[in-house]
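K.L.:
There's a structure below that I have some questions on.
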Amino acid sequence: MSFPNIDLVDSKRVGGWCADIAAELDRYFNDGETPAPPIIAAEHLSGLTGRIVVASDGYDMVINYFARIVADFPYEVVLESIESEETSGDGQRGTVIASVNSAPGLRFTAFKNSWDDGTVHFWGGGRLYSLWDGTPQHFDYCD
């Protein structure tokens, strides 16, 4: 009977492994490197991946922020900001939609929350996002 080899490691070596993983994730989230690192396994690239989310924000105005879900985990998602394009209005008031062909923006993590009514929302980047239904979103920079 043969037994497997076991390497005992100290905290310095474990810290090195963690630093390597952190650097790989940093390159993915901050530099937009693709493909996803091995930590983001294929099963996390399904589910809500590819869906567009929207958040409305602003003090005395309404501004919309769009993002694409690039990885879906049980309790969080990875979002990538995307631009919007005006569909109506005069530049001060009107409607916008997600510009799905825009260049990818910053990536960030958002925490997933299911509400009692069955809707799913995502809190990340200081905003509350919800799944976008494809309809034009009202904006108003003059309120």
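Please treat every number below as a calculation from the coordinates, not as lab data. This is a predicted model, so every value here is computed, not measured. Methodologically, a virtual Cβ is constructed for each residue, glycine included, from the backbone with ideal geometry; neighbour enumeration extends over all protein chains shown.
K.L.:
Starting from the Cα of L131, step 7 Å along the direction of its Cβ; do the same at I63; then give the gap between the two resulting points in nm.
P.N.:
Calculated label separation equals 2.8 nm.
K.L.:
Can you give the FRET efficiency for S11 and E76, using 1/(1 + (r/R0)^6), R0 = 25 Å, r = Cβ-Cβ distance, to the nearest 0.05?
P.N.:
Between S11 and E76 the formula returns 0.35.
K.L.:
Separate question: Could you run the Karplus curve 6.51 cos²θ - 1.76 cosθ + 1.60 with θ = phi - 60° over region 85-93 and give me ³J(HN,Hα) per residue in whole Hz, x for Gly and Pro?
P.N.:
Values, residue by residue: 10, 6, 10, 7, x, 10, x, 9, 9 Hz.
K.L.:
Here's a follow-up. Would you mind checking which residues have amide H under 5 Å from G89's amide H? H placed 1.01 Å from N; only 5 or more apart, or other chain.
P.N.:
HN-HN under 5 Å from G89: T95.
K.L.:
Given 0.36 nm per residue, what is the gain on full extension from C18 to L48 after removing their alpha carbon distance, in nm?
P.N.:
The span from C18 to L48 would gain 8.0 nm if fully extended.
K.L.:
Then there's this: Modelling each spin label as a point 7 Å along the Cα-to-Cβ direction, I'd like the T119/V100 distance in nm, to one decimal.
P.N.:
It is 2.2 nm.
K.L.:
Hey, another quick one. Please go through region 77-136 and write out the GluC sites (Glu not before Pro) that DSSP classes as loop and that have at most 16 other C-beta atoms within 10 Å. Before the final figure, lay out each step's value.
P.N.:
Numbers: sites: E80, E83, E85, E86; in loops: E83.
Sparse-neighbourhood loop GluC sites (Glu not before Pro): E83.
K.L.:
Hey, can you grab everything whose amide H is under 5 Å from the amide H of S102? Only 5+ residues off in sequence or another chain; H modelled, so Pro and N-termini drop out.
P.N.:
Result for S102 returns E83.
K.L.:
Taking the Cα centre as origin and putting +1 on Lys and Arg beta-carbons and -1 on Asp and Glu beta-carbons, what dipole magnitude results for region 44-140, to the nearest 20 debye?
P.N.:
Taking the Cα centre of region 44-140 as origin, the dipole is about 320 debye.
K.L.:
Loop-only chymotrypsin sites (Phe, Trp or Tyr not before Pro) in region 63-129, please: DSSP not H, G, I, E or B, and at most 15 other Cβ atoms within 10 Å.
P.N.:
Loop-located and lightly packed - Y75, W115.
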